[in-house]
Every structure is written in C-alpha cells, then in structure tokens.
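Student: After the structure tokens below, expect a handful of questions from me.
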Amino acid sequence: EKFVEVKNLRKVYDNGYEAIKNVSFSVKKGDLVCLLGPSGCGKTTILNMLAGLLFPTSGDILFDGKSVVKTEPKDRQIGYVFQNYALYPHMTVLQNVMFPLTVGKNKKSKEEAEKVARKYMDLTQITEFANQKPGSLSGGQQQRVAIARALVQEPKILLMDEPLSNLDARLRLKIREEIRALVKKVGITTLFVTHDQEEALSIGDEIILFNDGVIQQDDLGQNFYLEP
Ligand code: ADP
Ligand code: ADP
C-alpha cells in the first residue's frame, strides 16, 4: 500500500547546511499528499531528492518497494511541475507537451507523441492553444501546459512545487480544484508542496507539516491540527 517511502532522509549541502534532518514518511498509492511548511524549510530539497535531481547525504527513497536512490532520474517515472512552469518559450503548446516523448530512449514516433500529447491537452483543457507560444497564455493556462507536459510520459508519481504561487487569488482557487480533479481522474500518486495552510487543507488527502528540516505532524486530514 505504501507507494512512496522516504526513510531517514538527510541532506547536508556542500556549504555544511543541514537542510533535511532524518525525515521519514510514506505516501499511499493514488493519494494526494501535501508537504506544508514555510519558505526555506526544505520542501524543494525533498522534492529534488525524490526526483533524482539531488543526491541524499544519507537515507533511502523507495518507489513501490524499490530503492531509487541509485536510479537515474529518467528511469524514475516521475513528473515534476515547477513553480515557474519552466516551459520552452520558442515552442508551441503542442511542441512543449510533446517534447518529453520526442527525446531519450523511450522516444515515440511523431504521430504517436502527438496523439498522447493531445490526450493530456484535452484533460488539462488547453487544446485550443495548441499552436500558440506559452508567452501568449495566462499564468493558469501556462500552468496547465506544464501539468500536461509532466503527465505525457505517464509517470507513476507527480511532484508539484508550489504550482499555484504565481497565480492571482481567484485563479488559484480554480486551478487547485482542477489539479485535484485531474490527479484523481488520472489516479496518479502526487506530492504537492505548498506554504499555504488553507490550500493544503483543501487539496490534500493527507498533510505532512514540515518545519526547519523536520516533520512536525504527519496525519490523515481529519485529525490535523493547525495553530489558529
Ligand atoms: P523555493 O522558491 O522553492 O523556496 P528557493 O528560492 O529557496 O526555493 O531556492 C531555489 C533554489 O535555489 C533551491 O532549490 C536551491 O537549488 C538554490 N538555493 C537556495 N538557497 C541556496 C543557498 N543558500 N545556497 C545555494 N543555493 C541555494
Ligand atoms: P523550501 O522549498 O521549503 O523553500 P528549500 O528546500 O528550497 O526550502 O531550502 C531549504 C534550505 O536549504 C534553505 O535554507 C535554503 O537556503 C537552503 N538551500 C537550498 N539549496 C541550497 C544549496 N544548494 N546550498 C546550500 N543551501 C541550500
């Protein structure tokens, strides 16, 4: 039942700063878990270790029971959505979403890549922008492109780092509901990083409260307590 397992994870950066101190948690298959905590507490550091962008100082990460610490990032079957979308500005929306399927060893034919890309563009409701460049889209539309691009490889785990923080308040509410509906529809196990309590409470099946490199509370929604 545990799909993601983080065991005694630690990260000491090159400058000696211990950003993550002996952190353990697990995520059940299909759950949307929020990692909640203030800026600078180590949330991105954890996601980067899960994604294989950063090597842990010690501890282990298991996906479906298998240690992935020594697995290459591209073999981890992870989709990563960054705070700033990180879209390719010179490519159209369709080209952006197709891109992960056109490179590397699992690359597909152009026709097949476009077919899969269009499926996720439909799910994220961006089909009408297929031939536009990201620069001509709103923040919420760009974020949907980033989500479609993260999903095209049909990863087993989706990591989202403050995906709503660049959106205005009204759009943030709308997109967060869309994200929850989408990840439940696709059924993908998701770790969602935020510093916003209300956002975490509304979107998460479970919340892990994090501060200063350690877990303060790890609970199933209904018993979760936050200081007023
Ligand atoms: P976030 O916006 O997710 O809180 P930050 O703005 O704190 O992230 O940092 C963004 C990235 O910059 C980090 O993931 C890290 O790679 C790098 N970074 C942050 N703080 C430092 C630091 N003190 N020294 C070196 N690199 C840093
Ligand atoms: P969050 O995502 O919660 O804002 P981060 O994981 O980005 O936090 O950063 C956690 C702490 O580690 C911060 O104090 C940050 O300055 C520090 N940090 C991040 N990246 C680096 C780095 N490359 N070198 C040194 N310190 C870093």
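Student: Please give the length that would be gained between GLN132 and LEU201 if that part of the chain were fully extended, namely 0.36 nm times their separation in residues minus their C-alpha to C-alpha distance (nm, one decimal).
Tutor: Numbers: separation 69, 0.36 × 69 = 24.84 nm, distance 3.48 nm.
Full extension of this stretch gives 21.4 nm more.
Student: Roughly how big is the stretch 1-89's charge dipole about its Cα centre, with Cβ charges of +1 (Lys, Arg) and -1 (Asp, Glu), in debye to the nearest 20?
Tutor: Magnitude of the dipole: close to 80 debye.
Student: Rolling a 1.4 angstrom probe over the protein heavy atoms, how many square angstrom per residue are accessible across the chain?
Tutor: Ligands and nucleic acids excluded, the figure is 50 Å² per residue.
Student: What share of the DSSP beta bridges in the stretch 101-228 is antiparallel, in percent to the nearest 5? It would help to have the intermediate numbers written out before the result.
Tutor: On the way: 6 of 11 bridges.
Restricted to the stretch 101-228, the bridges split so that about 55 percent are antiparallel.
Student: Read phi for every residue in the stretch 123-139 and hand back ³J(HN,Hα) as whole Hz from Karplus 6.51 cos²θ - 1.76 cosθ + 1.60, θ = phi - 60°, with x for Gly and Pro.
Tutor: Using θ = phi - 60°, the values come out as 4, 9, 6, 10, 3, 5, 9, 3, 9, 8, 7, x, x, 8, 9, 6, x Hz.
Student: Order 55-64, 69-78 from most to least packed using the mean count of other Cβ atoms within 10 Å.
Tutor: Numbers: 55-64: 16.1, 69-78: 13.3.
Top of the packing list down: 55-64, 69-78.
Student: Using amide H atoms built 1.01 Å from N in the peptide plane, name the residues 5+ places from LEU158, or on other chains, whose amide H lies under 5 Å from its own.
Tutor: It is GLY79, THR189, THR190, LEU191, by chain and number.
Student: A further question follows. Over the chain, what is the relative contact order in whole percent, taking alpha-carbon pairs under 8 Å and six or more residues apart?
Tutor: In percent, rounded to a whole number, it is 29.
Student: Please report the antiparallel percentage of the DSSP beta bridges confined to the chain, to the nearest 5.
Tutor: Once the DSSP bridges in the chain are tallied, antiparallel ones form about 55 percent.
Student: Determine the share of the chain's accessible area contributed by carbon and sulfur atoms, expressed in whole percent, with a 1.4 angstrom probe.
Tutor: For the chain, the apolar C and S fraction of the accessible surface comes to 48 percent.
Student: Report, in listed order, any pair from LYS43/LYS108; LYS7/LYS119; LYS21/LYS105; LYS11/LYS185; LYS70/LYS107; LYS107/LYS174 with a Cα-Cα distance greater than 32 Å. Intermediate values should be presented prior to the final figure.
Tutor: Working: LYS43/LYS108 34 Å; LYS7/LYS119 36 Å; LYS21/LYS105 36 Å; LYS11/LYS185 34 Å; LYS70/LYS107 23 Å; LYS107/LYS174 34 Å.
Among LYS43/LYS108; LYS7/LYS119; LYS21/LYS105; LYS11/LYS185; LYS70/LYS107; LYS107/LYS174, the Cα-Cα distance tops 32 Å for LYS43/LYS108; LYS7/LYS119; LYS21/LYS105; LYS11/LYS185; LYS107/LYS174.
Student: Please sort by residue number the chymotrypsin sites (Phe, Trp or Tyr not before Pro) in the stretch 13-44 whose DSSP state is loop and whose Cβ has at most 12 other Cβ atoms within 10 Å.
Tutor: Passing both the DSSP loop test and the Cβ count: TYR13, TYR17.
Student: Could you order peptides 150-156, 83-89 by the average number of other Cβ atoms within 10 Å of their residues, highest first?
Tutor: Values: 150-156: 19.3, 83-89: 14.6.
Descending mean neighbour count gives 150-156, 83-89.
The values are calculated or read from the model by the stated rules, or taken from the named source; none is laboratory data. Here the structure is a predicted model, which means the values were calculated and not measured. Cβ: placed from backbone, ideal geometry, glycine included. Neighbour counts: every protein chain shown. All accessible areas refer to the heavy atoms of the entire protein, side chains included, with ligands and DNA or RNA removed. Shrake-Rupley method; radii C 1.70, N 1.55, O 1.52, S 1.80 Å.
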